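**Student:** Provided herewith is a single structure, encoded as structure tokens, for subsequent inquiry.
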Amino acid sequence: MWQLKVESRQNSTLREGVPAKVLWYFPPIPRFKRMFQSTETSSNLTWHATDRSKDGLMRHPADASTWRLIDEKWPEFGSEPRNLRLALSSDGFNPHSSLSSKYSCWPVILVNYNLPPWLCMKRKFMMLTLLISGPKQPGNDIDVYLEPLIDDLKVLWEGVKGIYDATRDEYFTLKGILFWTINDFPAYGNLSGNIVKGYNACPICLENTSPKRLVHGQKMAYMRHRRWLRRNHPYRKQRAAFDNHQEDSPPPIR
């Protein structure tokens, strides 16, 4: 476990007192090694390849097209069932249950999708890797705090040699890939660096977001949802019920 304190600086001298922010980092690779040293856990880590029902129904991320895309794009990675598929989840919260408290805590958690669906979301297997605490949320600067985790994920993608598999009684090279991220929309903007508010709040539509600022509420509203309806839907022609315009445009291209 590493602790990094970001100190406040003034006139190139360290100030005494409470640090501006504190980052606790818990490296995930040693924990992956210990998981494979357990006979029960190591067998569960290959459940998606050995015991999963393959009948075309989606019960697990291994049944999704994203999983198959990874196997097709990197066949060497997909041919080893012990290689890890990970998801990164992050969000901020106030641990003191008081909205007036000037304190923010951001955990960053890795979820292991090699495990069966009844285990992958259990607290025992959700790895806390980063804990960012301070008076304010990290915002777009969260990429600075993610650097040690990104470095370990790069090492994991290249391969970590000498991992002992207790089930097969052999050593192998472990690789891992970050499958996707789990977060709400504001945290998505922080993690990806996209704009998620204002006139072009949709990172997909961008300039085709069709924003409108409310005169009395002074907030942004995003219009033209009728574009996604079928061409002959009656809502497209109802002017007075919406914004006094008839909607004839097709939906944006995916």
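The values are calculated or read from the model by the stated rules, or taken from the named source; none is laboratory data. No experiment lies behind these values; they were computed from the predicted model shown. No Cβ is skipped: glycine too gets one built from the backbone with ideal geometry, and neighbour counts run over all protein chains shown.
**Student:** Give just the number: which of (1) touching a residue at least 60 places away in the same chain (Cβ under 8 Å); (2) surrounded by 15 or more Cβ atoms within 10 Å (Cβ to Cβ); (3) hydrophobic (A, V, I, L, M, F, W, C) does Leu146 not satisfy?
**Tutor:** Result: Leu146 fails condition (1) only.
**Student:** Working carefully through the options Pro138, Pro116, find the one that is closer than 22 Å to Asp152 by Cβ and either in the same structural domain as Ser38 (by TED's automatic domain parsing) or touching a helix residue (DSSP H, G or I) at 6+ places or on another chain (Cβ under 6 Å) (or both). I'd like the intermediate steps shown before the answer.
**Tutor:** Values: Pro116 fails: closer than 22 Å to Asp152 by Cβ.
From the options Pro138, Pro116, the qualifying one is Pro138.
**Student:** May I pose another question? Looking at the range 78-109 only, could you name the residues that are under 21 Å from Phe185 (Cβ atoms) and either of a type in the set (A, V, I, L, M) or in contact with a Gly (Cβ under 8 Å, 6 or more places away or on another chain) (or both)? Quick ask: steps written out before the conclusion?
**Tutor:** Quick first cut of the range 78-109, residues under 21 Å from Phe185 (Cβ atoms) only: 87-94, 99, 104-109.
Within the range 78-109, Ala87, Leu88, Leu99, Ser104, Cys105, Trp106, Val108, Ile109 qualify.
**Student:** Which condition number does Pro211 fail, the rest of (1) in the same structural domain as Leu156 (by TED's automatic domain parsing); (2) in contact with a Phe, Trp or Tyr (Cβ under 6 Å, 6 or more places away or on another chain) being met?
**Tutor:** Just one mismatch for Pro211, condition (1).
**Student:** Could you tell me whether any residue of the range 196-212 is surrounded by fewer than 16 Cβ atoms within 10 Å (Cβ to Cβ), assigned to a strand (DSSP E or B) and in contact (Cβ under 8 Å) with a residue 60 or more places away in the chain?
**Tutor:** There is no residue in the range 196-212 that is surrounded by fewer than 16 Cβ atoms within 10 Å (Cβ to Cβ), assigned to a strand (DSSP E or B) and in contact (Cβ under 8 Å) with a residue 60 or more places away in the chain.
**Student:** Being in contact with a His (Cβ under 9 Å, 6 or more places away or on another chain) and either surrounded by 13 or more Cβ atoms within 10 Å (Cβ to Cβ) or not hydrophobic (A, V, I, L, M, F, W, C) (or both) is the requirement here; does Asn114 meet it?
**Tutor:** When the stated conditions are applied, Asn114 passes them.
**Student:** Here is a follow-up. Hey, could you check the range 206-238 for residues that are out of contact with any Asp or Glu (no Cβ under 9 Å at 6 or more places or on another chain) and basic (Lys, Arg) and say which is farthest from Ile195 (Cα to Cα)?
**Tutor:** Arg230
**Student:** Please go through the range 213-244 and pick out each residue that is in contact with a strand residue (DSSP E or B) (Cβ under 7 Å, 6 or more places away or on another chain) and part of a loop (DSSP other than H, G, I, E, B).
**Tutor:** Leu214, Met223
Let's see how each residue does on (1) in contact with a His (Cβ under 6 Å, 6 or more places away or on another chain); (2) not in a helix (DSSP H, G or I); (3) not assigned by TED's automatic domain parsing to the domain that holds Ser89:
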residue	(1), (2), (3)
Pro148	no, no, no
Lys154	no, no, no
Lys161	no, yes, no
Thr167	no, yes, no
Leu178	no, yes, no
Gly189	no, no, yes
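**Student:** Additional query: Looking only at the range 15-54, filter to residues that are basic (Lys, Arg) and touching a helix residue (DSSP H, G or I) at 6+ places or on another chain (Cβ under 9 Å); which one of those is modelled with the lowest pLDDT? If you could, list the steps in order and put the result at the bottom.
**Tutor:** The initial filter retains those residues of the range 15-54 that are basic (Lys, Arg), namely 15, 21, 31, 33-34, 52, 54.
When the remaining residues are screened for being touching a helix residue (DSSP H, G or I) at 6+ places or on another chain (Cβ under 9 Å), the result is 21, 34, 52, 54.
Details: Lys21: 76, Arg34: 94, Arg52: 88, Lys54: 85.
Result: Lys21.
**Student:** List every residue pair whose Cβ atoms lie under 7 Å apart, where the two residues are 6 or more positions apart in sequence or sit on different chains, the first residue falls within the range 239-254 and is more than 9 Å from Arg224 (Cα to Cα), and the second residue, located anywhere, is among the basic types (Lys, Arg) and in a loop (DSSP other than H, G, I, E, B).
**Tutor:** Pairs found: His245/Arg239; Gln246/Arg239.
**Student:** Would you check if there is a residue in the range 100-110 being among the aromatic types (Phe, Trp, Tyr), more than 30 Å from Asp51 (Cα to Cα) and in the same structural domain as Pro30 (by TED's automatic domain parsing)? Outline the logic, then answer.
**Tutor:** Filtering the range 100-110 down to residues among the aromatic types (Phe, Trp, Tyr) leaves 103, 106.
Keeping just the survivors that are more than 30 Å from Asp51 (Cα to Cα) gives 103, 106.
Filter once more, keeping what is in the same structural domain as Pro30 (by TED's automatic domain parsing): 103, 106.
Yes, some residue in the range 100-110 is among the aromatic types (Phe, Trp, Tyr), more than 30 Å from Asp51 (Cα to Cα) and in the same structural domain as Pro30 (by TED's automatic domain parsing).
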